[in-house]
Each structure stands twice: as C-alpha cells, then as structure tokens.
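Bear in mind that the values in this text are calculations on the coordinates, not laboratory data. Just so you know, these numbers come straight off a predicted model, no measurement behind them. Ideal geometry is used to build each Cβ from the backbone, glycine not excepted, and the neighbour counts take in all protein chains shown.
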DNA sequence: GACTAACCGAGACGGTACGTCCTGTCTTGTC
DNA sequence: GACAAGACAGGACGTACCGTCTCGGTTAGTC
C-alpha cells in the first residue's frame with residue numbers, strides 16, 4: 001500500500017541534458033571551486049531544470065564524480081607496463097601519476113571529490129571502488145609479478161609496499177607541501193625497492 | 001580617503017566568549033559533522049552573538065582550526081625521543097600517530113580541516129604552519145641525528161625520507177582503505193630504514 | 001549587458017500564500033504595531049518562506065498596504081448619497097468617516113501606513129491614488145452637484161471646500177487632540193456650508 | 001531589594017556633547033530620513049559614545065524632538081497679532097504657517113516626528129504639549145478676542161473653529177495632495193470667517 | 001493518428017543559513 | 001562620575017540555495 005520512491009525511466013533519459021550537466025559541473029568547479037559550486041548554477045549553465053539534476057543524482061558531489069569519471073574514461077584506464085625492469089616501470093607510472101595530479105584539469109575536481117568524500121560515505125565508497133582501487137590493483141599486480149620473479153623479498157606485504165609507493169605522492173599532493181617532481185617520484189621508488197630487496201634478513 | 005577594515009581591539013576581547021565558541025564548535029562538529037556545522041548553531045550553543053564570531057574569525061573553518069589547536073595544545077607539542085635506537089624511536093612515534101588519527105576526538109576535526117583546506121588557501125597555510133610542519137620538523141631532526149650518527153646513508157634526502165614514513169599512514173587515514181594498525185606503522189618504518197641503510201651503493 | 005531584475009511570473013503565484021501573508025500582516029500590525037512588525041514574523045505567522053514576501057512586495061509597508069486594500073474592498077468603495085439635501089448627505093458621510101477612523105480595524109493599519117508614507121514616496125503615491133483620491137473625488141462630485149443646483153456659491157473652489165470638510169477630521173484623528181464625535185462632524189459641515197452659501201457677496 | 005534606575009547627575013552633563021548630538025541628529029535626518037537614522041550614526045557624527053545618548057534620551061525620536069525644539073526656540077514662540085482686523089491677522093499667521101511647513105529645515109524633522117508619534121505615545125504627548133498646543137492656544141485666544149468683540153457668532157465653538165482653520169493646511173501638508181499656497185490659506189480663512197459670522201440664525 | 005505517460009525547462013514554493021547592521025547594555029580607561 | 005570608545009548578546013535584515021512541487025511543452029512508445 002505504500003508509495004514507491006518512483007525511480008525514473010533511464011531509457012527515456014536525455015543524453016543531451018546529461019552531457020550538458022556533466023560539462024557544466026566540470027567548468028564551474030574550475031571557475032568557482034567546489035565550495036561555491038551550486039546545483040542552481042549547474043542547472044542554469046547547462047540550460048536544464050533543477051529537477052533534471054535531482055532526478056538523476058543524489059548530490060552535487062555525485063554529479064561532479066560522474067563528470068570526473070567521464071573525463072578519466074576519455075584518457076583510458078590505468079595501465080602499468082611490465083617490461084621486466086620493475087624500477088623503470090614504477091618510475092614511469094609514478095611520474096605519470098605526479099603529472100596528472102599536477103594537471104588542473106584533474107587536480108581540481110579530484111581534490112574537491114576527495115575533500116567531499118570525508119563527509120560523504122557514499123561518495124567515499126564510489127571513489128574507492130571506481131577510481132582508487134583499480135589503480136592500486138594495477139600496482140599490486142605488477143609487484144606480485146616482481147615478487148614471483150624474485151626481484152623483491154618473498155616475505156614482502158604487497159599491500160604495504162604499494163601504499164609506500166603511492167602514499168608519499170599523495171601526501172605531497174593533498175597537503176601541497178612541496179612540488180610533485182619526477183625526481184621525487186624516482187627517489188620514492190628507489191628507496192622502497194631497496195627496502196624490499198630480497199636478502200638474508202626477513203621483512 | 002578609503003575606509004579602513006576596522007580591526008577589533010584584541011586587548012578587550014572576552015576570554016569567556018572565546019572559550020565558549022571554541023568548545024561549542026568542537027562539540028558540534030562531533031555531533032553533526034563539518035558540513036552541517038553552522039555559525040548560527042555555534043553562536044547559539046556558545047550563548048554568543050553571531051557578530052562576536054564574525055568579529056574574530058573569517059570563516060567557520062578558522063573557528064574549528066582554533067578549536068583544534070586548543071585541543072592539541074592541551075596534550076603537549078610534538079615530541080620525538082632520541083634513545084639512539086632510531087627504529088624503536090620511529091616506531092613509537094608512528095604508532096602514537098596512528099592511535100591519535102584513530103581517536104575520534106582528533107580524527108573528526110582534523111579530517112574536516114584537511115578537507116576544507118582544499119578550498120581555503122588561508123586555512124591550508126595555517127594548517128601547514130601550525131600543525132603539520134612542527135610535526136614534520138621533529139621527524140626531520142631525528143633523522144638528521146641518525147644520519148650524523150651514521151645510522152642512515154649520508155646521501156639520503158631527509159625530507160623525502162620523512163614523507164615516506166608519514167605518507168603511507170596519511171594515505172590510509174584519509175582514504176580509509178585499511179585500518180591504521182601498529183603492525184602497519186612498524187612495517188613502514190622497517191622498510192624505509194632498510195631502504196635508507198648506509199651501504200656501498202649510492203642513493 | 002546588464003542583468004534584468006528578473007520579475008516573477010504572476011500567473012504561477014500562489015493565491016493561498018498571498019492571502020495568508022495579507023492576513024498575517026493585518027493581525028500582527030494590530031498586535032505589535034508597525035514599528036515592531038517584521039517580515040520574519042509575517043512569514044512565520046503566514047507559514048511562508050521570507051522569499052515569497054520579498055518576491056512580491058518591495059517593503060513591509062507595501063505588504064500592509066495591500067492588506068489594508070483587501071480589507072477596504074470587502075466593505076465596498078466610497079459611496080456618497082445625493083438626496084438633494086446637501087447638509088444631510090455630508091453629515092451622513094462625515095459621521096461614517098469619523099466612525100471608521102475610530103474603528104481599530106481601520107485605524108491601526110491606516111495610521112501606520114500614513115506614518116510610513118512620510119518616508120516612503122512610493123507608498124505615499126499609492127495611498128493617495130488608491131485610497132485617498134477616490135474618497136475625495138466622491139466628495140467633490142457631490143459638491144459640484146450642489147453647486148450646479150445653486151445650493152452653494154458658484155464661485156466656490158470645490159477642492160478647497162472638500163479639504164475644509166475633511167481636513168478638520170483628519171487633524172483630530174492624526175493628532176489625537178479630541179475625540180472624533182458625530183457632533184464634531186456636524187459642526188464642521190454646518191460651518192463650512194454657511195461659509196459657502198450663495199449670497200450677494202463674492203467668494 | 002530592587003535596583004534604582006540610576007538617574008544621571010544632570011549638573012555634570014556635557015553641554016558640548018548635548019549640542020553635538022542635537023546638531024548631528026538634525027543633519028542626519030535631513031540626509032537619510034528618519035527611517036535610516038540610527039543612534040550609532042548620530043553618536044559617530046557627534047563624536048560621542050553611544051552611552052551618552054542612551055544616558056539622556058529614551059529613544060532616537062526623543063533626540064530628534066529635542067533637536068527640533070532647539071531649532072524652534074531660535075525662531076521665537078508662536079505670536080499671533082491682534083490688530084483688530086481678524087481676517088488680516090489670521091491670514092498673516094496661516095500664510096506664515098504654510099511657509100514654515102514648506103521649509104525643509106522644519107518640514108523634514110516635523111514630518112518624521114509626527115509620523116513617529118503615531119507609534120510612540122510619549123512622543124505624541126510631548127509633541128502636543130510643547131509644539132502643537134501652544135500654537136493652537138494662541139489661535140484660540142485670538143478667536144476669543146474676536147468673539148468678545150462681536151466679530152464672530154457668540155455661539156461659535158472656538159475649538160472647532162481653530163481646527164477648521166488649521167486642519168485643512170495640515171491635511172495638505174501631511175498628504176502632499178496640493179501645494180501649500182498663500183491663496184489656499186486665504187481661502188480657508190475667508191470661508192471659515194463667513195461660516196462663523198454673527199447673524200440672526202443660530203449656530 | 002490519437003492517446004498517454006514520462007521526461008524536460010522553468011521557476012514558485014517553504015525553508016535554512018548566510019554575513020551585515022543596529023539595538024541597548026556592559027566594560028575599560030581618560031579627564 | 002560623565003565621558004569616548006567599543007565589545008558584547010540578541011535579533012532583523014535582505015540574499016543565496018536548498019530540495020520539492022507544479023506547470024505547460026515536447027517526445028517517445030502504444031492502441
């Protein structure tokens with residue numbers, strides 16, 4: 001007897017409006033920042049009724065998340081080469097990551113989403129599942145391959161290892177303490193690999 | 001000919017109101033979270049006029065920052081022991097840091113401040129100067145002492161080294177990927193120290 | 001290039017809200033007086049958002065004016081009988097006017113509006129056009145009819161004549177010097193008519 | 001047990017501040033009108049602490065009233081000549097009254113005070129006692145003199161008579177319907193005097 | 001080809017909080 | 001103790017957005 005929440009029919013959804021909203025959100029977050037980003041402004045910029053946003057997204061963070069995802073998908077998923085030279089492979093990827101985090105096109109929305117995810121568990125989960133974990137999984141796979149090849153200690157905890165690679169970069173990016181240079185990325189890779197090197201001692 | 005911004009006279013400031021505002025902010029951020037924390041609610045809870053908040057703080061983030069600072073000062077500044085055993089000293093501090101980050105009393109406001117500092121450069125600077133840098137400086141001093149004692153490679157970049165210690169913890173805390181255990185802290189310390197160990201090769 | 005003020009679409013206006021606001025304003029002005037009448041209180045009493053008042057009225061005086069107009073319209077427009085007996089007709093109307101000005105239902109809001117119109121030219125104009133002039137015009141018409149019938153001097157200035165009838169009542173009402181009795185109204189009519197009587201002398 | 005209201009010692013009052021406040025109030029009411037006149041602005045303009053105003057006056061209307069009184073006293077009290085020619089005497093005074101009401105120096109504050117007195121009984125009483133009644137009493141005395149001399153009907157109600165002289169002018173002034181000309185003043189005097197003329201009939 | 005159901009742009013609605021302004025009181029230090 | 005200065009608690013101001021709702025006007029897809 002109770003009324004259903006009325007889920008909209010996604011088959012009849014206007015692709016035109018969806019794109020306009022995603023684009024408007026990305027533009028505006030770059031112009032005014034996440035704090036001053038409003039649903040009303042997105043709707044106005046996109047030439048769309050507010051209800052069209054509320055119908056399809058639960059929050060402005062969710063809109064921005066989809067905007068960011070659309071942006072990421074254009075540039076392909078996370079690829080981590082396996083040339084056999086672990087150090088070279090890791091440096092390549094960590095340098096690329098540093099560059100991406102420095103690019104305002106990615107930096108601004110990602111920063112806003114990370115900030116917002118502190119208060120918004122649903123967003124935090126999505127961000128982890130769709131953005132963070134795929135990237136970390138690629139790292140883990142590459143490290144596993146290296147461990148199997150005997151390049152790093154068989155007792156190394158791969159999860160901890162990848163966090164030691166990614167954590168320092170993330171720290172600099174979030175806290176803006178120092179610039180994210182290639183030299184920094186290289187330095188992190190070198191120290192971590194030396195720490196994980198196979199040897200007589202245990203980890 | 002232009003009008004001055006009229007800075008208030010801090011000598012006549014009401015200490016009673018200042019404390020009440022700081023306490024109210026800390027209570028409320030724990031109850032409703034930063035997103036729903038409002039200046040009006042802080043003023044009401046503190047039994048204070050809104051103008052008394054606007055007179056002394058530029059934003060609610062700034063109020064919360066001072067609340068957090070008052071909280072931190074109660075528990076003393078950053079101390080990093082120098083027993084001569086670098087590994088033991090670092091593990092002790094990193095375990096303590098992990099515990100603090102897991103304590104809701106510190107976790108909630110610090111998380112909110114970090115999130116907010118992404119949109120608020122003034123807050124970001126204050127957070128760096130007053131909270132982050134003192135802690136990092138203590139780490140750096142301890143590492144310098146160890147390098148001078150020949151415990152770590154003379155070529156090691158101390159700044160990078162400390163970011164490799166702190167970064168992985170920060171990563172787990174911010175992104176809530178896995179729990180911040182003592183074992184994790186120990187593992188990070190061990191790997192980093194092995195990576196920094198003095199030896200025939202260069203860094 | 002400049003932004004339009006964005007006038008709302010009156011076709012979509014909520015009649016329910018409009019009535020509630022008008023009623024609330026009238027109630028409150030009777031309870032607390034115009035000085036302590038606030039938009040916030042009107043909105044709260046009417047169960048309406050403040051913006052709904054700001055959307056349709058420029059000031060609280062304007063709201064009250066509409067309230068008063070709605071009140072007046074319920075009791076019909078200004079009617080001035082023409083029985084042929086000028087003195088009787090004028091006494092009837094002036095007595096009725098005195099009674100109305102003494103009725104708190106009309107007295108309070110009209111007094112508030114008159115007071116406010118001293119600072120608010122737009123309100124003053126509206127009050128003149130929609131309330132005062134229609135009444136004065138009715139008087140003037142009746143006097144013209146009397147002049148045409150030879151009951152008053154053909155040289156009499158009708159505008160001055162009607163102000164001499166209405167002015168003394170208005171004076172007592174505004175300044176609250178003495179009560180507005182029927183005897184007073186009669187006395188004014190008698191003296192004015194004797195002063196306007198046709199005779200050998202000129203006006 | 002109850003606290004006395006603490007009346008200040010008027011002997012130690014600063015005449016300098018009193019004058020500065022009165023002047024500032026008069027200036028400001030001319031510049032921004034009564035509605036936007038604030039105690040803070042008066043204090044600032046007068047170079048005076050707010051408390052000095054609150055110490056000596058109960059409301060801003062009361063301040064303005066004293067300002068107006070000081071202004072009036074400079075130009076002498078109400079004088080109504082008695083040359084024996086009643087019509088000439090009345091025309092002289094009513095023309096002077098019309099001129100004064102048209103002079104912004106008197107018009108603005110008097111208008112503000114009259115408006116405010118609608119909500120403020122204490123002000124209304126003071127305005128009546130100190131400003132209005134002295135003037136009306138002068139009129140009444142002159143009319144009594146004329147009645148004693150047989151120039152107007154012995155049965156005339158002098159109070160009504162003077163309200164018929166003053167009321168029409170007041171009506172035009174308050175409601176700004178038409179300009180306050182000398183011709184209008186004359187016309188009122190003539191009609192009233194004809195209406196009050198002694199004759200065979202009764203009043 | 002009409003019907004109908006749902007999305008669409010638009011924007012009015014009841015609300016919350018903003019940041020500013022002013023009130024009337026209280027406090028501090030000067031004359 | 002009156003004064004200038006100004007911080008204080010309180011609260012109304014007018015604005016900006018929130019998220020919901022209602023209005024016509026397009027589109028589909030069904031009869």
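Here is how the numbers come out for the structure above:
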read-out	value
Paired Rg and Dmax values of the stretch B:11-64, which use every Cα atom, in angstrom	10.2, 33
Chain A, closest residue to the rotation axis toward D, by beta-carbon, whole angstrom	A:36, 16
Cα pair count fraction exceeding 28 Å, expressed as % - chain B	39
When the stretch C:113-180 is reduced to its Cα atoms, the Kirkwood hydrodynamic radius in Å	13.6
Alpha-carbon centroid distance for the pair the stretch C:133-197 / the stretch C:100-125, whole angstrom	21
Relative contact order (percent, whole number), chain C, Cα cutoff 8 Å, 6+ residue spacing	20
Folded to 0 to 90 degrees: helix D:182-196 orientation relative to chain D principal axis, Cα	50
Cα-based helix-to-principal-axis angle, D:104-117 vs chain D, degrees rounded to 10	80
37 °C / 0.692 mPa s Stokes-Einstein diffusion coefficient of the stretch B:79-199, Kirkwood radius on C-alpha pairs, µm²/s	216
Cα-based helix-to-principal-axis angle, A:133-148 vs chain A, degrees rounded to 10	20
Neighbour-count ranking [beta-carbon atoms within 10 angstrom, fewest first] of A:143, B:69	B:69, A:143
Shielding by other protein chains, C:110-116, mean Cβ within 10 Å	4
Fewest-first sequence of C:140, B:31 by Cβ atoms within 10 Å of each Cβ	B:31, C:140
Point-to-point label distance, residue C:122-residue D:85, nm (Cα→Cβ direction, 7 Å offset)	5.0
Residue order, fewest to most beta carbons within 10 Å, for B:6, C:147, A:172	B:6, C:147, A:172
Mean residue ellipticity (222 nm) of chain D, computed from DSSP H runs ≥ 4 via -39,500 (n - 2.57), nearest 500	-21500 deg cm²/dmol
Highest-MSF residue in chain B out of B:109, B:81, B:58 [GNM, Cα springs under 10 Å]	B:58
Intensity falloff of the stretch B:31-134 expressed as log10 I(q)/I(0), Debye formula with alpha-carbon point scatterers, at q = 0.15, 0.17, 0.19 Å⁻¹	-0.72, -0.87, -1.03
Average projection area in nm² (convex hull over Cα atoms of the protein assembly as shown, one quarter of hull surface)	55.1
